[in-house]
1. Answer yes if at least one residue in the range 204-216 is modelled with pLDDT under 95, closer than 29 Å to Thr95 by Cβ and surrounded by 21 or more Cβ atoms within 10 Å (Cβ to Cβ), and no otherwise.
2. I need a count of the residues in the range 176-201 that are open to solvent by 10 Å² or more (accessible area, probe 1.4 Å) and of a type in the set (Val, Ile, Thr).
3. With respect to the numbered conditions (1) open to solvent by less than 10 Å² (accessible area, probe 1.4 Å); (2) over 20 Å from Ala177 (Cβ atoms); (3) not hydrophobic (A, V, I, L, M, F, W, C), which one is the sole condition not fulfilled by Gly102?
4. With respect to Glu63, is the statement that it is surrounded by fewer than 12 Cβ atoms within 10 Å (Cβ to Cβ) and farther than 22 Å from Glu138 by Cα true?
5. Check whether at least one residue in the range 119-126 is out of contact with any Ser or Thr (no Cβ under 8 Å at 6 or more places or on another chain) and either aromatic (Phe, Trp, Tyr) or open to solvent by 20 Å² or more (accessible area, probe 1.4 Å) (or both), and report yes or no.
6. Being part of a loop (DSSP other than H, G, I, E, B) and open to solvent by 50 Å² or more (accessible area, probe 1.4 Å) is the filter here; which residues of the range 76-90 pass it?
Amino acid sequence: MKILKEPAARATLAFVIVAVALIVALWPRGGPDDTADGGGTTAATSTSGVTDQQVSEDELSKERAAAALQPCPDGTGPAGPHSVLAGVTVPCMATGAPVDLGVTTAGKPLVINMWAVWCLPCRRELPIFDQFSKDAGESLNVLAVHASQGGDKPYFVLKFLQEVGVHLPVVTDPNGAVAKAIGAPRVFPSTVLIRSDGTVADVLPRVFDSEAQLAQVVREKLGVDVGGAQ
């Protein structure tokens, strides 16, 4: 019996070691400036353990097509004099092209969802924002912004979006320019509401459990009633 048990014990130990290594690699590492919230996850300072895979532009194009994301906002601006996003340019995941968010979101309320692939609550919440984006139509812009940690890995971001099955407009924030401009905390997910004049209406480091919750906040803070979100 001892001969049978030892291989099983070794296999179990090996599994535990691998599992712990994966958790350590993927677990967010916060710094002294992080904020914490019961519904969110603090930011990682490094994603080197997530993926360093380099892929060709052809491969990225295939993944963009497979993800079938909605186009990023395409307004013509100009950004208002008080717009916090004026001059902030980031990559759009639908095309890979840079977009000037101050210009393309000008004149319309904007709902930003800050998220990351390593954030488990984000996986549950993104489908809510996806449906809200569909129901909102032209009444406002909805934009999912991937955190700077991992924002330089578009292949991994696109694969994640395919897995979750969401298609709302997505940009990455590889240099943290969006987060800095809108005052987003290093808590994921977080939602930031932007008025049509480009000023910040509210910053919400929380998880939304339903589209109705999100719609209520948008109605109260931005004055926009998304009729389909009941």
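1. First, the residues of the range 204-216 that are modelled with pLDDT under 95: none.
The answer is no, given that none of the residues of the range 204-216 is modelled with pLDDT under 95, closer than 29 Å to Thr95 by Cβ and surrounded by 21 or more Cβ atoms within 10 Å (Cβ to Cβ).
2. Total satisfying the criteria: 2.
3. Failed condition: (2).
4. Values: surrounded by fewer than 12 Cβ atoms within 10 Å (Cβ to Cβ): no; farther than 22 Å from Glu138 by Cα: yes.
Against the criterion (surrounded by fewer than 12 Cβ atoms within 10 Å (Cβ to Cβ) and farther than 22 Å from Glu138 by Cα), Glu63 does not qualify.
5. yes
6. Residues of the range 76-90 that are part of a loop (DSSP other than H, G, I, E, B), as a first pass: 76-88.
Answer for the range 76-90, where residues must be part of a loop (DSSP other than H, G, I, E, B) and open to solvent by 50 Å² or more (accessible area, probe 1.4 Å): Thr76, Pro78, Pro81, His82, Ala86, Gly87.
The values are calculated or read from the model by the stated rules, or taken from the named source; none is laboratory data. Since we're looking at a predicted model, the values are computed, not measured. Neighbour counts run over all protein chains shown; Cβ positions are idealised from the backbone, glycine included. Accessible surface is based on the protein model in full, side chains and every heavy atom, while ligands, DNA and RNA are left aside. Shrake-Rupley method; radii C 1.70, N 1.55, O 1.52, S 1.80 Å.
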